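Quick notes on the structure that follows.
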Amino acid sequence: MGLVKKFMTVGGATLGSRVFGFARETLMAAALGTGPMADVFYAAFRFPNLFRRLFAEGAFNAAFVPLFAKEIEANGVDGAKRFSEEVFGVLFSVLLLITIVMELSMPLLVRWVIAPGFPTIRKNSR
């Protein structure tokens with residue numbers, strides 16, 4: 001596979017992702033509008049999107065791919081497979097711990113960090 005074909009593959013996938021993302025945002029705007037429901041929706045997904053960008057799209061991939069390539073060169077495919085299994089185990093454990101901590105602390109985070117200006121809904125005590 002030539003360099004141009006690889007470039008076109010990645011470029012085409014990126015273009016498709018952008019088009020589908022635009023369609024998603026258009027549908028969300030049509031469904032939620034620009035009122036308080038949209039504000040609540042986007043506030044609710046602020047931290048999950050941050051973690052997705054960090055662990056699925058960003059720093060983790062930038063660090064893992066070169067190390068995986070070095071592992072293939074040094075120890076072959078079997079060594080690289082073991083390396084990826086170890087990395088997956090550590091990543092899964094860390095993400096599980098972060099998920100549990102974030103689930104438990106989310107009410108405080110929403111109230112004080114994510115959306116401090118949102119009104120709090122309280123039950124009527126009458």
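List of remarks:
- Some residue of segment 56-65 being at pLDDT 85 or above, in a helix (DSSP H, G or I) and touching a helix residue (DSSP H, G or I) at 6+ places or on another chain (Cβ under 8 Å): yes
- Selection of segment 18-76 for residues being closer than 22 Å to residue 98 by Cα and either in contact with a Phe, Trp or Tyr (Cβ under 6 Å, 6 or more places away or on another chain) or of a type in the set (A, V, I, L, M) (or both) yields 43, 44, 50, 54, 56, 59, 62, 63.
- Residue match in segment 84-102 (condition: touching a Gly at 6+ places or on another chain (Cβ under 8 Å) and either modelled with pLDDT under 90 or surrounded by 11 or more Cβ atoms within 10 Å (Cβ to Cβ) (or both)): no
- Residue list for segment 113-126, restricted to those being modelled with pLDDT of 80 or more and exposed (fewer than 10 other Cβ atoms within 10 Å of the Cβ): 116
- When restricted to residues that are polar (S, T, N, Q) and surrounded by fewer than 10 Cβ atoms within 10 Å (Cβ to Cβ), segment 9-63 contains 1.
The values are calculated or read from the model by the stated rules, or taken from the named source; none is laboratory data. Since we're looking at a predicted model, the values are computed, not measured. Note that each Cβ is placed from the backbone with ideal geometry, even for glycine, and that neighbours are counted across all protein chains shown.
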